[in-house]
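Step one of this worksheet: look at the structure below.
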Amino acid sequence: MIKLRKSIILICVFFSLVNYCNSKIEIKIIMKIDNEIITSLDIEKEINYLVALNPKLSQINRDELLLIAKKSTTKEFIKKKEIQKYKKLDLQNPQINEVLNNITKNLNLSTEKQLKEYIKNFNLSIEDLKRKIEIENEWKNLIYSRYIKSVKIDKEELIKKINISSKEKFLKEYNLSEIVFSKKNDITLDELYTAIQESIQINGFENTANIYSISNSSKVGGKIGWVRKDSLSDQIILKLKDLKKGNYSSPIQINNNFFVFKINDIRKIEVEIDKNKELDKMIIFETSKQLDKFSNIFYNRIKLNSKISEF
């Protein structure tokens, strides 16, 4: 309860400052992406959105917040432009409400009405959220259509895992958060990981996910949620097996990216495994991981071909 009060106070203080800044702010051009202009108001709105999804962001300094918002806005503008080559964005995607429900649960709220009241404090509307959700959903659909044939699933290996798990009465589940990053040419992996560790110490894991992670989960502080042990690769399980609740792993290289996982919680669940359903779940999970990889590759390619100017 004390922690909740502290969070509420921090958010109130943050938004009193933001509102003060907005009342004084001079609207100016911050960036230009191809022919799209991004103003200081766009950046302020993105800050509000990001803090609404991850309230702990209100604890970090203003300069860090501006950098995160600029990165997030850039990503959204580039994705939106690519999507609009193929599809009109009209808020008709049936997946939007499903994602809204997930956001509501993630914020420990019960109804869409409560969500509306909550985001009002951040000068946001449900339509604002829906527009952002639509861009992410249509981007995923675009990536799926382009790369699904390149996804490789080893069904035999998954079936082997299921057969092993089916012999156990209890299975371990991890509640995980992630930071996904790629190595940069001007810095070594050790230097980059040291910077991430320092940020975790200063800002916390969730805020560091917003700062460094290239995964879509960064907007919600890197939260993945509950994942069964048998859904994870042997490589990840090996890194997690000796970690306790609250600890995070050293970097795990998966293809061209590096993953740092934090264990938020651990539990054991009693299960009766339906092997067919379990195989379907594991295929979906593995497909999603591989499509995320293709998503990052495709986005970086488009970004390289975009003209980005900062003012």
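Each value in this text was obtained by applying a stated rule to the coordinates, not by laboratory testing. Here the structure is a predicted model, which is why all the values come from computation and not from measurement. Note: ideal-geometry Cβ built from the backbone for every residue, glycine included; neighbour counts use all protein chains shown.
Tabulated values for the structure
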quantity: Neighbour cut-off at most 11 other Cβ (10 Å), DSSP loop, trypsin sites (Lys or Arg not before Pro), segment 122-179; calculated: K152, K167, K169
quantity: J(HN,Hα) series, segment 142-155, from Karplus relation 6.51 cos²θ - 1.76 cosθ + 1.60, nearest Hz, glycine and proline x; calculated: 5, 4, 4, 5, 7, 10, 4, 6, 8, 6, 10, 10, 8, 4
quantity: Violating pairs (Cα-Cα greater than 23 angstrom) within the set K223/K275; K105/K262; K241/K277; K169/K241; K149/K172; K184/K245; calculated: K223/K275; K241/K277; K149/K172; K184/K245
quantity: Whole-angstrom gap from segment 119-171 to segment 247-271, using each part's C-alpha centre; calculated: 17
quantity: Projected-area mean, segment 179-311, by convex hull of Cα positions, square nanometres; calculated: 10.2
quantity: Most positive-pole-ward Cα, V260, L171, I83, against dipole of the chain from beta carbon charges; calculated: L171
quantity: Whole-angstrom gap from segment 281-311 to segment 64-110, using each part's C-alpha centre; calculated: 14
quantity: Viscosity 0.890 mPa s, 25 °C: Kirkwood-radius Stokes-Einstein D of segment 131-257 over Cα pairs, µm²/s; calculated: 144
quantity: Base-10 log of normalised Debye intensity for segment 51-102 (one unit scatterer per alpha-carbon) at q = 0.14, 0.24, 0.27 Å⁻¹; calculated: -0.57, -0.98, -1.02
quantity: Computed Kirkwood radius, in angstrom, where 1/r is averaged over Cα pairs of the chain; calculated: 21.2
quantity: Residue-averaged [θ]222 nm for the chain, counting only DSSP H segments that reach four residues, each worth -39500 (n - 2.57); calculated: -18500 deg cm²/dmol
